[in-house]
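S.K.: Mind looking over this structure? Questions follow.
The values are calculated or read from the model by the stated rules, or taken from the named source; none is laboratory data. All figures in this text were calculated on a predicted structure; none of them were measured in a lab. Methodologically, a virtual Cβ is constructed for each residue, glycine included, from the backbone with ideal geometry; neighbour enumeration extends over all protein chains shown.
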Amino acid sequence: MTAVNVYFKTAFQSQGTLKGNVQPVGASGYRFTGTLTCTCDLNRSTTSFVNTVRVGHGGTSSGLTYNEYSPVVRRPGPSSFDVALEGVRNNNETVDFQQGFNEGLSGQYTDGNRVTSQVE
């Protein structure tokens, strides 16, 4: 297993940390298990959508698959989620992870940089 630690903080002070481990599933698969801890305090009371953080994952040479989580707003402390992700990659390829928050006026995402992890 390889440790993964992804941190992202936006200009609007939303922030998230994804911590866990990624392990191979055969030569062309992977499994990540860990925790997402995030804070997003934008007031969405006048919109048709809620604050959302997304976690992208996928083989380094391919696109990302996204899973979305909705943090509780204005609570004492951050929201935490158990995260279990699985995917495919080219044989023995690395895996990328990325976080994003829907901070745009219409819910568009602001994404952090991709973090590449070995799968051992």
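S.K.: Going through F49, F12 one at a time, which residue ends up being at pLDDT below 95, touching an Asp or Glu at 6+ places or on another chain (Cβ under 7 Å) and assigned to a loop (DSSP other than H, G, I, E, B)? Give the derivation first.
M.R.: Values: F49 fails: touching an Asp or Glu at 6+ places or on another chain (Cβ under 7 Å).
Checking each option against the conditions leaves just F12.
S.K.: Return the residue satisfying two criteria in turn: it lies in segment 52-62 and is modelled with pLDDT of 95 or more and either basic (K, R) or surrounded by fewer than 17 Cβ atoms within 10 Å (Cβ to Cβ) (or both), and of such residues it is nearest to the chain's Cα centre (by Cα).
M.R.: Among those residues, the one meeting the criterion is R54.
S.K.: Got at least one residue in segment 25-43 being over 14 Å from the mean Cα position of the chain (by Cα) and within 12 Å of S79 (Cα to Cα)?
M.R.: Yes, there is a match, as at least one residue in segment 25-43 is over 14 Å from the mean Cα position of the chain (by Cα) and within 12 Å of S79 (Cα to Cα).
S.K.: Please go through segment 8-50 and pick out each residue that is without any contact (Cβ under 8 Å) to a residue 24 or more places away in the chain and over 21 Å from S106 (Cα atoms).
M.R.: Once the filter is applied, which keeps residues that are without any contact (Cβ under 8 Å) to a residue 24 or more places away in the chain and over 21 Å from S106 (Cα atoms), segment 8-50 yields T17, K19, N21, G26.
S.K.: Another question, then. Those residues that are at pLDDT 95 or above and not in a strand (DSSP E or B), I need them from segment 73-90; list them, please.
M.R.: R89, N90
S.K.: Does S62 qualify as being in a loop (DSSP other than H, G, I, E, B) and over 21 Å from Q108 (Cα atoms)?
M.R.: Values: in a loop (DSSP other than H, G, I, E, B): yes; over 21 Å from Q108 (Cα atoms): yes.
In short, yes.
S.K.: When you go through S79, S48 one by one, which is the residue that is crowded, with 18+ Cβ neighbours inside 10 Å and of a type in the set (S, T, N, Q)?
M.R.: Working: S48 fails: crowded, with 18+ Cβ neighbours inside 10 Å.
Selected residue: S79, the only one of S79, S48 that is crowded, with 18+ Cβ neighbours inside 10 Å and of a type in the set (S, T, N, Q).
S.K.: Being assigned to a strand (DSSP E or B) and closer than 13 Å to R89 by Cβ is the filter here; which residues of segment 105-120 pass it?
M.R.: Residues of segment 105-120 assigned to a strand (DSSP E or B): 110-111, 115-117.
Passing the criteria: T116, S117.
To keep it simple, each residue is scored yes or no on (1) under 19 Å from G112 (Cα atoms); (2) buried (at least 17 other Cβ atoms within 10 Å of the Cβ).
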{"position": "Q15", "(1), (2)": "yes, yes"}
{"position": "G29", "(1), (2)": "no, no"}
{"position": "E86", "(1), (2)": "no, no"}
{"position": "R89", "(1), (2)": "no, yes"}
{"position": "T94", "(1), (2)": "yes, no"}
{"position": "F97", "(1), (2)": "yes, yes"}
